[in-house]
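Here the structure comes first, spelled out in structure tokens, and everything after it is commentary.
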Amino acid sequence: MDLDQAFHIEANGSDILLHYAIADVAWFVDDGDPVDTEAWQRGMTQYLPDGKAGLYPPVLAEGAASLLPDGDRPAVVFHVRVGSDGACALTGAERSVIRSHAKLAYESVTPEQLPPPLTELGRRVAAAEDARGAARIEPQEQVVHLNPGGGYEIDFRPRLQSEDNNAAMSLATNLAIADALYSAGTGLFRVMAEPDDRAEQRLRHSARALGIEWPAATKLREFQRSLDTGSPKDSALLMAIRRASGGASYVPYSAGPRPWHSAVAATYAHGTAPLRRLADRYVVMAALAVANGQAVPEPVSSAFAKLPEVMRRADETAGQIERAVVDLAEVALLSAQTQRTLPAVVTDVDDRGSRIQLCNLPVVTRVAANHLAPGDEIRVRVVSTDIPTRTAKLERVA
């Protein structure tokens, strides 16, 4: 129900024009009002398996500010020109009142419901990513099922073309906004470093455990682009790669090195989800000013200096939630393996013991064992599991 975006798309000569409407949260929320104060405490909407803790009250996020197809809504409309080579440029922006004509679902949308240029836009954006060497890590979605006979298993839901096309519109807009803000000497940027050498070595061991060949001379970026998102094992490794980067963060504009996001291989900003991320609200307002040749409002510029810490805390909370969800799913899978012996590969060793990747299950866990080194092949027994506490005890048997 919290719909941040609506779009109109058209061909213009050899270019494609994307008119991307973004929920105008600042129309409803003033700096320093009670809703704003609470949003600064939360940072972002947090998603859990059984619900969510919203950044803004539902009356806004799922009602008045959401771009639902039930009436007029205030929005900031960004105009993005996508060239034949996939290059994206912000050509204008304005506050407007828009009316969305349809709320479409990834699983049920048909080609007839979408404008023809959308598929070509998605192709161009993907080709530009390839040309930049972007990672584009989009593994299949993991779904946990309860078996009729007891126990749990994981299925992988294939990623849909509709999801990729939708993501392409947001990526194109965020890249265009980032370039416009950087050129104007302002903004807040999303940055992420490459996984370090130790993380890459762990990933190589995980690949071996999963039965995936990774040539020694092939670098991580090249290798991950060769993985098949239609393969459950490849998707499991892609999930591990995404977690290995150490996470993304936010930085305000500075005159130093250009901010860089390794996954998209470009300067990147978050501006297309203001109902769900606090930072986006300010990026939208800055981009609106820059696109119209105006000075960025002082409250927005001041916010850029404070937002990295606020968003860091929110990202940290999201990471803790995700880790707890993954732990729960892994323990649920292991509950059906109690007292069984399973093959594994050691991926890392530290003062907390040995981290291992099970060979036949998408599970990374730890075992207390001495005299092990990364890369060792071992066998472990699942001694016990406790789903409510998300814990499992494993011991080395060989």
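The values are calculated or read from the model by the stated rules, or taken from the named source; none is laboratory data. Bear in mind that the values here come from a model prediction, so they are computed numbers and not experimental data. Quick reminder, even Gly has a Cβ in these numbers, built from the backbone with ideal geometry, and neighbours come from all protein chains shown. Remember, those area values only see protein heavy atoms, side chains included, never the ligands or the DNA or RNA. Shrake-Rupley method; radii C 1.70, N 1.55, O 1.52, S 1.80 Å.
For a straight C-alpha distance cut-off of 13 angstrom, the aspartates and glutamates reachable from residue 233 (same-chain residues fewer than eight places away being disregarded) are 141, 155, 213. Between residue 338 and residue 377, what FRET efficiency follows from the Cβ-Cβ distance if R0 is 22 Å, with the result rounded to 0.05? The pair residue 338/residue 377 has a calculated efficiency of 0.50. Net length available on complete extension from residue 324 to residue 360 is 10.8 nm, with 0.36 nm assigned per residue and the Cα-Cα distance removed. Peptides 327-339, 250-262 ranked from most to least packed, by the mean per-residue count of other Cβ atoms within 10 Å: 327-339, 250-262. Ranking 205, 244, 375 by how far each Cα lies toward the positive end of the dipole of the chain (charges on Cβ) leaves 375 at the top.
Here the gap between residue 389 and residue 138, fully extended at 0.36 nm per residue and compared with their Cα-Cα distance, gives a gain of 87.4 nm.
Annotation: per residue accessible area for the range 182-338 equals 44 Å², rounded to a whole number [probe 1.4 Å, protein chains only].
Modelled this way, with points 7 Å down the Cα-to-C-beta line, the labels at residue 96 and residue 313 are 3.7 nm from one another.
Rounded to the nearest 0.05, the FRET efficiency derived from the C-beta distance between residue 12 and residue 193 at R0 = 35 Å is 0.40.
Starting from 0.36 nm per residue, how many nanometres of slack lie between residue 108 and residue 217 once their C-alpha separation is accounted for? Residue separation times 0.36 nm, minus the Cα-Cα distance, leaves 35.0 nm. Take the Cβ-Cβ distance between residue 64 and residue 41 as r, set R0 to 25 Å, and report the resulting FRET efficiency rounded to the nearest 0.05. Plugging the Cβ-Cβ distance into 1/(1 + (r/R0)^6) gives 0.70. Calculated mean residue ellipticity at 222 nm for the chain: -11000 deg cm²/dmol, from DSSP H runs with n ≥ 4 weighted as -39500 (n - 2.57), summed, divided by the residue count and rounded to 500. Using the average count of surrounding beta-carbon atoms within 10 Å as a protection proxy, the listed peptides 272-285, 67-80 rank, highest first, as 272-285, 67-80. Across 294, 201, 140, mean-square fluctuation computed from a Gaussian network of the chain (C-alpha pairs under 10 Å connected) peaks at 294. Once you reduce the range 41-118 and the range 327-398 to the center of their Cα atoms, the two points are 42 Å from each other. The loop-placed trypsin sites (Lys or Arg not before Pro) in the range 324-384, going by DSSP, that have at most 14 neighbouring Cβ atoms within 10 Å of their Cβ come out as 340, 352. A protection proxy built from the mean count of other Cβ atoms within 10 Å ranks the segments 213-222, 156-165, most packed first, as 156-165, 213-222.
Taking mean projected area of the Cα convex hull in nm² as calculated from this structure, the corresponding entry among (1) 21.5; (2) 25.0; (3) 17.0 is (1).
On the chain, 52 percent of the accessible area sits on carbon and sulfur atoms, based on a 1.4 Å probe. Model label sites at residue 298 and residue 19, defined 7 Å from Cα along the beta-carbon direction, differ in position by 3.6 nm.
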